[in-house]
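So the structure is just underneath, and the comments pick up after that.
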Amino acid sequence: MEISIALLGLFVGLLVGATGVGGASLLTPLLIIFGVNPSIAVGTDLLYNSVTKLFGTYQHFKQKTIDWKMVKYFAYGSLPGAVIAVGSLQIFEDQSQIIKHTLGVVLVLVALTTLLKSFFQNRIKDNRIQEKPLEQKIVMTIAIGFVLGFIVGLTSIGSGSMYAIVMLLLYRLAPSKIVGTDIAHAFLLVTVAGLLHAGLGNVDYGLALNLMLGSIPGVLLGSVLAVKLPARPLRTLMAILILISGWKMIGWNIF
């Protein structure tokens, strides 16, 4: 089991490094397919993500590519959203089904936003909301943070992909700052959500360690391959696989 999980981490890390698609949208459903309880899969993935995002945040901090004001306003909404999401799970007796169905819906959304970003990023024009300064969008930013934070707390997915597309559509930031701000906020969000799940016993530390042992070299190798492989076709294929996975989680039988 340890070798298979490390190989799973290697596979996910390789794809993340090569495509830039968020690891949680690949890892969480794969863990469930491997037979891991959905609650454990979500909690373990959040802890695993926290460690990986820490290194990314440090790098972007050194590069000064983080908009800390935006991180702060997103966090004002996202952290309470994650707390409420994890707390609300305790209301339901069958947490696994709730998580699986919600996960399916979120995977479909992540797949669609990945396709949108891949094919239309350069065609997105400035709009009135983008032109407004951040100080005039504080309430909107906190509200967006809350909704997406709730989703991340429930499923572990979306801390990167969904916030990134929101920043692309509604805020005026340089591409490097979108990435840096996204990673820094994601680190705060997944750390808090991961600690909450850990407090409920939803983290398998051995599983997380084995995933890291495989994924770290996988990300490094994938990053090397990224300059040699066509990015858009790979991202498109990944998005389609995530879309099918989400459809299956929901229980729809179109595919």
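The numbers here are math on the coordinates, done by the rules we state, and not lab data. The shown structure was predicted, so the numbers you read here are calculated from the model rather than taken from an experiment. Here the Cβ positions follow ideal geometry from the backbone for every residue, glycine too, while neighbour counts run over all protein chains shown.
Remarks
- Residue 69 versus residue 228: modelled label distance in nm, points set 7 Å from Cα along the beta carbon direction: 4.4 nm
- Helical segments meeting 24 Å axial Cα length and Kyte-Doolittle 0.0 threshold in the chain (DSSP H): 2-19, 68-89, 95-120, 138-155, 175-199, 205-226, 231-250
- Nearest-0.05 FRET efficiency for residue 62 and residue 33, computed from C-beta distance (R0 30 Å): 0.20
- Relative contact order for the range 128-184, counting Cα pairs under 8 Å that sit 6 or more residues apart, in percent: 38 percent
- Gain upon complete extension [residue 94, residue 244; 0.36 nm per residue less C-alpha separation]: 51.6 nm
- The range 155-236: trypsin sites (Lys or Arg not before Pro) in DSSP coil with no more than 16 other Cβ atoms inside 10 Å: 172, 228
- Compactness of the range 1-111, expressed as Rg and Dmax over alpha-carbon positions, Å: 15.8, 46
- Based on C-alpha pairs under 8 angstrom that are at least 6 apart in sequence, the chain has a relative contact order of 45 percent.
- Helix-only mean residue ellipticity at 222 nm for the chain, each DSSP H run of n ≥ 4 adding -39500 (n - 2.57), per residue, nearest 500: -27000 deg cm²/dmol
- In this simple spin-label model, placing a label point 7 Å from the Cα along the Cα-to-Cβ direction at both residue 138 and residue 195 gives a separation of 2.5 nm.
- Rounded to the nearest 20 debye, the dipole size of the chain about its Cα centre is 1020 debye, using +1 on the Cβ of Lys and Arg and -1 on the Cβ of Asp and Glu.
- Spherically averaged projected area of the chain from its Cα convex hull (nm²): 13.4 nm²
- Between residue 205 and residue 237, the contour length at 0.36 nm per residue exceeds the Cα-Cα span by 8.4 nm.
- Between 187, 74, 11, the GNM of the chain built on Cα springs shorter than 10 angstrom shows 11 fluctuating the most.
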